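Taking it in order: structure first as C-alpha cells, then the write-up.
The values are calculated or read from the model by the stated rules, or taken from the named source; none is laboratory data. Please read all numbers here as calculations on a predicted model, not as lab measurements. Cβ coordinates were reconstructed from backbone atoms using ideal geometry, including for glycine residues, and neighbour counts include every protein chain displayed. These area figures cover heavy atoms from the full protein model, side chains too; ligands, DNA and RNA do not enter into them. Shrake-Rupley method; radii C 1.70, N 1.55, O 1.52, S 1.80 Å.
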Amino acid sequence: MSQAAVVPTGERIANYLQEVMSSACEVVTARSPGDIFSPKEPFRLAFNYDPEAQVIDVYVTGKLEKAEDIKTIFDFSQKLVLSLNDKVQKFYGVTLKATDLSMDYLNVTNGKVMMKLVNGKYTDKTMDTEVAKPTASTAEKN
C-alpha cells in the first residue's frame, strides 16, 4: 500500500495563491482604462512551488513587449501577492517576502520569456536579438 505524503507548505501556499489570484486577474482586467493599475492588455498568473530553490515561481502571461509595462505588472502582482500575508500567516504560519517569489513574463504572442525577476533583480529580455545560426556554408569556411 502506498503511504500518504505530506504536501510541502510552499506547494500549499502556491495552490492557495493560484486560487485567489485567478479571480483577482479577472477583476484587474475588467477595470476601466483610466485606472492606474489597469494593464493595457489582460494578463494571467500561474503559481508553482520550486522545492529546490525554495521559492514560489510566478508565471505571468500576456501580450506586453515593453520592459516598463512588464515591470509595472511585476510590481503590481508582487504587491498583490504580498498583501495576502495576513491570510498566508494565518493558514500556513509563514510570511512571504519579495525574495520568496521568482517571476517570469511570457509573451503569448511570440512564445518568449520577455523578463524575469529573481531576488529583486530584473533580467530584461525584451531587447534580445537572435544570433544567426551557422549554416553548412559558414561552417565550411571556418
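For the range 47-128, the solvent-accessible area with a 1.4 angstrom probe is 58 square angstrom per residue.
If each of Ser83 and Lys125 carries a label point 7 Å out from its Cα toward its Cβ, how far apart are those two points in nm? Placing both labels 7 Å beyond Cα along the Cβ direction yields 2.9 nm. Going 7 Å from the Cα of Asn48 toward and past its Cβ, which residues in the range 74-104 have a backbone nitrogen under 13 Å from where you end up? The answer is 102-104, whose backbone nitrogens lie closer than 13 Å to the label point. Remark: the Glu41-Val118 segment gains 25.4 nm on full extension, using 0.36 nm per residue and subtracting the alpha carbon distance.
Express in nm, to one decimal, how much length is gained between Tyr59 and Val7 on full extension, taking 0.36 nm for each residue of separation and deducting their alpha carbon distance. Let's see the in-between values first.
Values: separation 52, 0.36 × 52 = 18.72 nm, distance 2.12 nm.
Result for the pair: 16.6 nm of gain on full extension.
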